[in-house]
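Asker: One structure coming up, written as structure tokens, with questions to follow.
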Amino acid sequence: MTSSVSFKVIIIACIITSLLSFSFKPSSGYESFEQSISPSTTETDILFYVNEYRASKGLQALEMNAGMCLQAEKHSAGMASGKVSFGHDGFEERVKVIARKIGNIRSSAENVAYGNLSPKEVVDIWLKSPGHRKNIEGKYTLTGIGIATGKGNVVFFTQIFTGK
């Protein structure tokens with residue numbers, strides 16, 4: 001699949017996810033997955049587990065935003081290709097791009113991870129880290145999730161959070 005087609009698939013998946021109500025269940029079969037990840041399923045499942053955790057804390061579910069997904073995907077692709085170091089370089093610029101699309105943003109945050117992880121595993125890792133957990137528990141309403149696969153089939157995950 002070409003990079004252009006990949007981005008289109010990701011955006012379509014984000015749009016579909018944002019139109020769905022929060023009544024979906026995660027896909028099965030992740031407990032021991034080693035195969036390549038389907039971005040739309042993986043992103044949807046990450047959102048499910050994040051929102052499941054937020055609900056357990058009495059917090060509002062996050063809505064997926066297509067523009068935020070695109071920025072998250074671009075960041076994951078940059079990390080996966082080695083063009084961007086693993087971390088949050090360029091985060092402020094990503095937020096500026098998002099703000100130009102959705103309007104004023106009161107607050108924002110970002111979680112990143114990498115590894116051959118299932119959606120549940122990546123969310124569990126974030127929840128074990130105080131800083132990442134704080135982002136997941138934050139007063140945010142929108143999110144964008146993007147993944148990309150790098151050398152050795154290592155997957156890079158980015159989740160961006162915003163509050164208006």
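Every read-out reported here was derived from the displayed coordinates using simple, explicitly stated rules and does not represent laboratory data. Please read these numbers as outputs of a predicted model, since none were measured by experiment. Counting neighbours? That spans all protein chains shown, and the Cβs are built from the backbone with ideal geometry, glycine included.
Asker: In whole Å, what is the distance between the alpha-carbon centres of region 135-160 and region 87-121?
Answerer: One Cα centre to the other: 7 Å.
Asker: Could you work out the relative contact order of region 34-115? I mean the mean sequence separation of Cα pairs under 8 Å and 6+ apart, divided by the number of residues, in percent.
Answerer: 19 percent
Asker: A further question on this structure: Tell me the Rg and the Dmax, in Å, that the Cα atoms of region 103-153 produce.
Answerer: Computed over the Cα atoms of region 103-153, radius of gyration and Dmax are 12.7, 39 Å.
Asker: Shape verdict for region 51-159, please, from the Cα gyration tensor: rounded (a/c under 1.5), prolate (a/b greater than b/c) or oblate.
Answerer: Taking the square roots of the gyration eigenvalues as a ≥ b ≥ c, region 51-159 is oblate.
Asker: Now a separate question. If you place +1 on the Cβ of every Lys and Arg and -1 on the Cβ of every Asp and Glu, how big does the dipole about the Cα centre of region 103-164 come out, in debye to the nearest 20?
Answerer: Working: 8 positive and 4 negative charges, 37 e Å.
With Lys and Arg at +1 and Asp and Glu at -1, about 180 debye.
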